[in-house]
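Here the structure comes first, spelled out in structure tokens, and everything after it is commentary.
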Amino acid sequence: MIPTLLRIYWTTLSRDRVAQAMTFLLPILFFSIFASVFGSRGRTGTARVPVVIADEDRSETSRRLIRALENEKSLRVQLTARPAGAAKDAPEISIDRSRAEAMVKNGDVPVALVIPAGYDSSFARFDGGGRPVTLLSDPSDPIAPQVVAELRQKAGMVAAPDLLAKNGLGQFERFAGTLTPQQQKAVDAWLPKLRAQSLGDSSGGANSTTAAADSAGFSGLVKVDVVELLGEKQDNGMVSFYAAGIAVMFLLFTCSSAGGALIDEVDSGTLDRVLSAQVGMNGLLAGKWAYITLLGVLQICVMFLWGKLAFRLDLFHHLPGFAVMTVVTAATAAAFGLVLATLCRTRQQLSGISTIVILSISAVGGSMFPRFLMSEGMQRMGLVAFNAWALDGYIKVFWRNARIAELWPQVGVLLGFMAAFLIVSRVLARRWERG
């Protein structure tokens with residue numbers, strides 16, 4: 001009997017395309033997504049960290065530091081930008097501190113460096129004096145500030161080894177006495193070679209120079225003050241990110257399950273009686289969409305209220321933007337649930353297909369892990385998933401204190417998705433009218 005049972009089970013699996021996808025396709029898909037995100041760390045596929053630099057010093061030392069940072073493959077350095085509110089064809093100008101702060105606050109870049117006036121005389125001082133470089137960071141991306149913070153020290157070492165040696169010897173003479181004529185002559189012959197090497201190739205000797213510095217015990221050549229421009233008034237601002245990510249993902253499951261009531265009505269014959277009345281398919285789908293939207297709004301509100309009560313999420317100071325994003329997100333997810341329901345013929349199909357689709361777009365769209373961990377290609381691909389736009393909207397509300405008018409890109413895209421989903425679900429529902 002066992003071989004017979006095995007043959008029956010295998011035949012059943014071979015006929016069930018959804019079960020095959022759940023068994024073989026979904027694990028491979030998830031493995032590919034996670035391997036692309038975490039398996040490529042440190043390789044060329046990893047997203048380069050965008051950083052803007054405001055050079056207030058405009059000295060040879062600051063230019064050499066910027067050149068070394070530009071040669072870092074992990075960074076994408078920007079020195080110029082159009083003035084805020086300028087036309088697209090307006091010429092770009094050098095970025096100053098105020099423009100750098102605005103770009104970080106608006107989410108254009110996660111990190112900005114401000115090189116202060118007087119940096120030339122502050123570089124590689126070991127007495128703790130001098131003016132520090134200011135690192136302006138957006139804490140919603142905790143990876144980027146750490147990457148830039150490490151690379152700026154390496155760049156400082158690579159950019160001006162001659163200044164490092166000169167200032168170091170100056171400190172030595174200050175505390176231990178002057179050099180002999182022979183020693184001074186050797187130093188004078190050595191410093192130009194260091195300068196020529198740094199100007200000739202800012203990246204070629206990076207590893208050896210940095211290793212030498214580490215073995216010598218040097219650190220902190222570039223003094224840096226880190227300033228978090230966003231979330232500074234929140235004890236645990238990242239809670240809002242996780243609340244939005246989890247809420248949107250489970251909202252999709254809720255909308256899919258609620259939309260499946262259409263399939264139950266088909267099986268029970270209720271749908272035929274409804275269509276024979278004056279409601280019609282348009283009214284039926286509109287009623288389903290309105291109900292699922294209200295259910296989704298309630299679910300998201302419960303999630304964020306729990307975040308407020310249990311994790312001190314700063315909800316009430318962001319109610320207008322939260323309300324707009326919640327209604328639009330729930331309405332779009334409800335329309336998406338109707339597409340899945342009208343696409344499938346049985347509850348079993350709906351369960352399998354919705355699981356595959358929802359988990360996939362949740363992973364790509366950023367509900368499971370932040371999109372800044374992904375490569376640039378995957379980040380662009382994630383924009384195809386509407387939940388990515390919903391998460392961006394919530395981040396704008398809770399992290400950037402965005403006004404309602406500033407949410408128009410996310411709201412506009414979500415409304416476009418919603419309209420497309422409603423049209424597709426109406427087209428797919430015609431089979432029930434013909435039946």
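The values are calculated or read from the model by the stated rules, or taken from the named source; none is laboratory data. In this text the structure is predicted, and so the values were computed from the model without any measurement. Note that we place each Cβ from the backbone using ideal geometry, even for glycine, and neighbour counts take in every protein chain shown. Accessible surface is based on the protein model in full, side chains and every heavy atom, while ligands, DNA and RNA are left aside. Shrake-Rupley method; radii C 1.70, N 1.55, O 1.52, S 1.80 Å.
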Q. Of all residues in the range 390-405, which are in a helix (DSSP H, G or I), closer than 16 Å to residue 140 by Cβ and open to solvent by 30 Å² or more (accessible area, probe 1.4 Å)?
A. 392, 395, 396
Q: Count, please, the residues in the range 63-93 that happen to be out of contact with any helix residue (DSSP H, G or I) (no Cβ under 9 Å at 6 or more places or on another chain) and among the hydrophobic types (A, V, I, L, M, F, W, C).
A: 3
**Q.** Residues satisfying the stated conditions in the range 43-69, i.e. under 23 Å from residue 121 (Cβ atoms) and open to solvent by 60 Å² or more (accessible area, probe 1.4 Å)
**A.** 56, 58, 60, 63, 67
Q | Sole residue being open to solvent by 60 Å² or more (accessible area, probe 1.4 Å) and polar (S, T, N, Q), chosen from 425, 360, 351 | A | 351
Q.
On the basis of being at pLDDT below 90, surrounded by 18 or more Cβ atoms within 10 Å (Cβ to Cβ) and either within 30 Å of residue 313 (Cβ to Cβ) or touching a Lys or Arg at 6+ places or on another chain (Cβ under 9 Å) (or both), does residue 230 make the cut?
A. yes
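So that you can scan it fast, the table gives a plain yes or no per residue for (1) in a loop (DSSP other than H, G, I, E, B); (2) at pLDDT below 75:
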residue	(1), (2)
40	yes, yes
53	no, no
65	no, no
90	yes, no
101	no, no
(Q) Please pick out the residue among 380, 431, 426, 345 that is part of a helix (DSSP H, G or I), among the basic types (Lys, Arg) and closer than 30 Å to residue 13 by Cα. (A) 431
Q) Can you tell me which residue in the range 73-104 is surrounded by the fewest Cβ atoms within 10 Å (Cβ to Cβ), limited to those that are in contact (Cβ under 8 Å) with a residue 24 or more places away in the chain and in contact with a Lys or Arg (Cβ under 8 Å, 6 or more places away or on another chain)? A) 73
Q: Would you point out which residue out of 261, 243 is modelled with pLDDT of 85 or more and surrounded by 19 or more Cβ atoms within 10 Å (Cβ to Cβ)?
A: 243
